[in-house]
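The values are calculated or read from the model by the stated rules, or taken from the named source; none is laboratory data. Just so we're clear, the structure is a prediction, and the values are computed from it rather than from any experiment. Here the Cβ is made from the backbone with ideal geometry for all residues, glycine too, and neighbour counts use every protein chain on show. All accessible areas refer to the heavy atoms of the entire protein, side chains included, with ligands and DNA or RNA removed. Shrake-Rupley method; radii C 1.70, N 1.55, O 1.52, S 1.80 Å.
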Amino acid sequence: MKELSLHLLDIAQNCLTAGAKHVEILMRDSVADDLVEIAIKDDGHGMDAELLARVTEPFTTTRTTRKLGMGLPLFQMAAEMTGGELRIESEPGVGTTVRASFVRSHIDTPPLGDMAETIVTLIHGAPDVEFLYRYETDAETVQFDTTEMREILEDVPLDEPDVLAWIRGHLRELMQN
Amino acid sequence: MAKTIEELRAIREKMRGQIDLRQKGEDNLRVVVGMATCGIAAGARPVLHAFTEEVRRRGLNNVTVGQAGCIGLCQFEPIVEVYAPDAEKVTYVNMDAEKAARVVAEHLVNNRVVAEYTVGAVEGLK
């Protein structure tokens, strides 16, 4: 994966597979702390301790469900290569949080990449799920929340092509500032 | 910001009359892009974007674009499947954004399968 945003797209798909209704993608990009911290939180069905223990091993996929696979091990490897780490907290019936940290100045830390496209892709794949994205730097914080859009759109679904195009444009504007 | 919210409201008003039309249409074409780890790593995200944007730009109301998991041919990702009524599924492999635009123009609009991009055209896979 060449961008952090591609890892996030991949890991957030696990939240959807777990039946999440709310997904939060939280990033803190700090020059002062020389750290990029990422949290992906969901309210999906969660994992028990046994599954949690082996979830970052590649090839533990249960092929009947294809629920897991290379995504988490790749993300973990990317974080650890930079001196960061990956941690997962999960509770059955409550949800899962995947946290990763990257040493910001490390040469192997991937660029953030196209987060607008990642969010648009997630919404397109799961238009009924609420997504919250927050991006925090030392200076400021930007946030995008699908619940706010839904209030305006009323019964028009988020995966309408014109709506997705609007979201893409809106996110690009947000990310530029 | 106020202006962009207005744009969103305008989209809502425009869409209201059209949604039922699309969902009830009988000649619906369905495009599915593989978006598992293998697909994403191989470049599926820009392929998906190209399909959704081309379909929107051309106003193809009979086409829906969706996402799927791993199809099981990871070495040929990005993979795109096209489902049409009364036709066999067509599987496109090693896709990119430019190929996606051509598939929209030739297959989705003019009903001519782009044979050279299909899995059947891949050497040694028969």
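Find the relative contact order for chain A and round it to a whole percent, using C-alpha pairs within less than 8 Å whose residues are 6+ positions apart.
Once normalised by length, the contact order is 26 percent.
Leaving out ligands, DNA and RNA, what percent of the accessible area of the range A:4-176 is carbon and sulfur, probe 1.4 Å?
Using a 1.4 Å probe with all protein chains present, the range A:4-176 comes out at 51 percent carbon and sulfur.
Using protein chains only (no ligands, no nucleic acids) and a 1.4 Å probe, work out which residues of the range A:131-168 have their accessible area cut by at least 50 Å² relative to the chain alone.
A:152, A:156, A:160, A:161, A:162, A:166, A:168
HN-Hα J couplings of the range B:90-96 from phi, Karplus 6.51/-1.76/1.60, θ = phi - 60°, integer Hz, Gly and Pro as x?
Couplings: 10, 10, 9, 10, 6, 7, 9 Hz.
What's the total accessible area buried between chains B and A, using a 1.4 Å probe, rounded to the nearest 100 Å²?
Adding both sides of the contact gives about 2800 Å².
When DSSP beta bridges are limited to those with both residues in the range A:4-176, what percentage is antiparallel, rounded to the nearest 5?
For the range A:4-176, the DSSP antiparallel bridge percentage is about 75.
How long is the gain from residue B:10 to residue B:56 if the chain were fully straight, where each residue apart is worth 0.36 nm and the alpha carbon distance is subtracted?
Full-extension gain reported as 14.9 nm.
Taking just the alpha carbons, could you work out the radius of gyration and Dmax for the range A:4-176, both in angstroms?
16.2, 46
Beta carbons within 10 angstrom, averaged per residue: use that to sort the peptides A:140-153, B:100-113, A:36-49, highest first.
Going from most to least packed, we get A:36-49, B:100-113, A:140-153.
Find which of B:32, A:120, A:71 sits farthest along the positive direction of the dipole of the protein assembly as shown, computed with +1 on the beta-carbon of Lys and Arg, -1 on that of Asp and Glu, about the Cα centre.
Most positive-ward Cα: B:32.
Specify the angular offset, from 0 to 90 degrees and rounded to the nearest 10, of the alpha carbon long axis of helix B:44-57 from the longest principal axis of the alpha carbons in chain B.
50
Let me spell out the model: positive unit charges on the Cβ of Lys and Arg, negative unit charges on the Cβ of Asp and Glu, origin at the Cα centre of the protein assembly as shown. What dipole size does that give, in debye rounded to 20?
For the protein assembly as shown, the charge dipole is close to 820 debye.
Need one number: convex hull volume per residue for the range B:24-121, Cα atoms only, in Å³.
Cα convex hull per residue, to the nearest whole number: 88 Å³.
Along each principal axis of its Cα atoms, how long is the protein assembly as shown end to end? Whole angstroms, biggest number first, please.
So the extents along the principal axes, rounded to whole Å, are 55, 54, 38.
What average number of partner chain Cβ atoms lie no more than 10 Å from the Cβ of the residues making up A:85-98?
Other-chain Cβ atoms within 10 Å of each residue's Cβ, averaged: 0.
At 7 Å along the Cα-to-beta-carbon direction for both residue A:50 and residue B:110, put a label point, then send me their distance in nm to one decimal.
Taking the simple label geometry, residue A:50 and residue B:110 are separated by 5.8 nm.
Can you figure out the FRET efficiency of residue A:21 with residue B:118, using R₀ = 51 Å and their beta-carbon distance, to the nearest 0.05?
After rounding to 0.05, the efficiency reads 0.85.
In a shell of Cβ-Cβ distance under 14 Å around residue A:84, excluding residue A:84 itself, what net charge do Lys and Arg (+1) and Asp and Glu (-1) give?
Net of charged neighbours comes to -3.
How crowded by other chains is A:4-11, given as the mean number of beta carbons from other chains within 10 Å of each beta carbon?
Per residue, the number of nearby Cβ atoms from other chains is 3 on average.
How much accessible area per residue does the protein assembly as shown have, in Å², with a 1.4 Å probe?
On a per-residue basis, the protein assembly as shown sits at 49 Å².
Lone cysteines in chain B, going by a 4.7 Å Cβ-Cβ cut-off?
If one checks each Cβ against the other cysteines of chain B, B:70 turn up with nothing under 4.7 Å.
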